[in-house]
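A.B. asks: The structure under discussion is supplied below as structure tokens; questions concerning it will follow.
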Amino acid sequence: MNVASHPGELDRARRAVAIGTFDGVHRGHLRVLEAARSAGLRSAVVTFDPHPRTLFGAEVELLATLERRLELLEAAGIEDALVLRFDADLAELSAEEFAETILGGAGAEVVAAGDGFRFGRGRTGDLDLLERLGFDVRRVPLVENVSSSHIRKLLAAGEVAKAARLLGRPAEVEGTVVHGDHRGAGLGFPTANLDVAPHLLVPALGIYAGAADGQRAAVSIGTNPHYGDGDRRVEAFLLDWDGDLYGKRLVVQLWEKLRDEAAFGSEDELVAAIADDVRRTREARPPA
């Protein structure tokens, strides 16, 4: 997939453009992307970074990094991505200016978006305006109960299986592997400790079954209450794997929550609990 930050960086082509933030690239987003792909032109997305609401002071815990978002858009069959920096200059463009300079500049003939999509200064632009300006607009009905905000609420509650049904894929947490305190290795369960970007949503504390780097993984999101650490950590024990992950970006799937985190009466009890987590992770199945 070609990625550009300005319409002029794209090769000239007749395009069908899906437009939106696409945080999480969930099932509703996939319908918008398919509407663009099915138009018979070169498929593209126009998306934004950072999230538009952050410019106006809102805190948004994202479901995916920009890098992961682009990977998911490419997996959905999109050929070009125009990633616009959402800053004060972009926010000040009138709806007509946005349509002419951004969409027109990108060669958009077809524009696909969710019903109710608004754009331009003061959110005055809508799909009716795009039709009046001559674009072939593909209106995509919203999928009931499927939204990035709803998925955030489910993940914050640890409901990863329910979130997966809305995403159309397993829930994820992503970060760079860094050195930890190496307690896991001493217990016989060496973990990859993730440094997660501060703007990303991390699901509720607990122990999860999932996968990472093509291997099943038992995942701990918590504060290590047995040792009284206090700081939240995301640690993944990759089953049947041996190697060096330090410095690697790791996308960890969360299939199901196994239990809450807990403190134990002894280290032997902790090891027994981790062994049971590993057993249950071997038996777990990814969400359908």
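No lab work stands behind these numbers, since they all come straight from the coordinates. Bear in mind that the values here come from a model prediction, so they are computed numbers and not experimental data. Please note: Cβ atoms are built from the backbone with ideal geometry, for glycine as well, and neighbour counts cover all protein chains shown.
A.B. asks: For the pair Ser149/Asp242, report the inter-label distance in nm, with labels modelled 7 Å from Cα in the Cβ direction.
C.D. replies: Taking the two extended label points, one gets 5.1 nm.
A.B. asks: Right, here's the next one. I need the phi-derived Karplus couplings for the range 282-288: 6.51 cos²θ - 1.76 cosθ + 1.60, θ = phi - 60°, integer Hz, Gly and Pro marked x.
C.D. replies: Ordered by residue, 3J(HN,Hα) equals 4, 8, 5, 10, x, x, 6 Hz.
A.B. asks: What is the spin-label model distance, in nm, from Leu142 to Val178 if the labels are put 7 Å beyond Cα along the C-beta direction?
C.D. replies: 3.7 nm
A.B. asks: For Ser38 and Ala275 in the same chain, what is the full-extension length gain: residue separation times 0.36 nm, less their Cα-Cα distance, in nm? Kindly include the intermediate steps, with their values, before the conclusion.
C.D. replies: Working: separation 237, 0.36 × 237 = 85.32 nm, distance 4.84 nm.
Length difference between fully extended and current span is 80.5 nm.
A.B. asks: What lysines could a cross-link reach from Lys257, if we take a straight Cα to Cα line under 22 Å and drop same-chain neighbours fewer than 8 places away?
C.D. replies: Result set, ordered by chain and number: Lys153, Lys162.
A.B. asks: Please determine, in degrees from 0 to 90 and to the nearest 10, the orientation of helix 27-37 with respect to the longest principal axis defined by the Cα atoms of the chain, where the helix direction is its Cα long axis.
C.D. replies: For 27-37 against the chain, the angle is about 40 degrees.
A.B. asks: By its C-alpha gyration tensor, with a ≥ b ≥ c as the square roots of the eigenvalues, how is the range 169-283 shaped: rounded for a/c under 1.5, else prolate for a/b larger than b/c, else oblate? Spell out each step's value before the answer.
C.D. replies: Numbers: a/c = 1.31, a/b = 1.23, b/c = 1.06.
Rounded shape, in that the Cα axes give a/c under 1.5.
A.B. asks: Taking 0.36 nm per residue of sequence separation and subtracting the Cα-Cα distance, how much length would be gained by fully extending the chain between Ala156 and Asn2, in nm to one decimal? Before the final figure, lay out the partial values.
C.D. replies: Working: separation 154, 0.36 × 154 = 55.44 nm, distance 3.34 nm.
Extending this stretch completely gives an extra 52.1 nm.
A.B. asks: Something else about it: What does the charge dipole of the chain about its Cα centre add up to, to the nearest 20 debye, if the Cβ of each Lys and Arg holds +1 and the Cβ of each Asp and Glu holds -1? Provide the component values of the computation, followed by the final result.
C.D. replies: Numbers: 34 positive and 46 negative charges, 177 e Å.
It works out to roughly 860 debye.
A.B. asks: Once P(r) over Cα pairs in 10 Å bins from 0, in percent is worked out from the coordinates, which option in (1) 6, 26, 32, 22, 8, 5, 2, 0; (2) 6, 26, 29, 19, 13, 5, 1, 0; (3) 6, 21, 25, 23, 16, 7, 2, 0 does it equal?
C.D. replies: Read-out taken from this structure: (2).
A.B. asks: What distance in nm separates the two pseudo spin-label positions at Arg282 and Glu9, each 7 Å out from Cα along the beta-carbon direction?
C.D. replies: 4.8 nm
A.B. asks: Still on this model: What FRET efficiency comes out for Ala58 versus Leu90 if R0 is 22 angstrom and r is the Cβ-Cβ distance? Round to the nearest 0.05.
C.D. replies: Computed FRET efficiency for Ala58 and Leu90 comes out at 0.85.
A.B. asks: A further question on this structure: Using only C-alpha positions, report the orientation-averaged shadow area of the convex hull of the range 83-241, nm², one decimal. Let's see the in-between values first.
C.D. replies: Working: hull surface 50.6 nm².
Over every viewing direction, the Cα hull of the range 83-241 projects on average to 12.6 nm².
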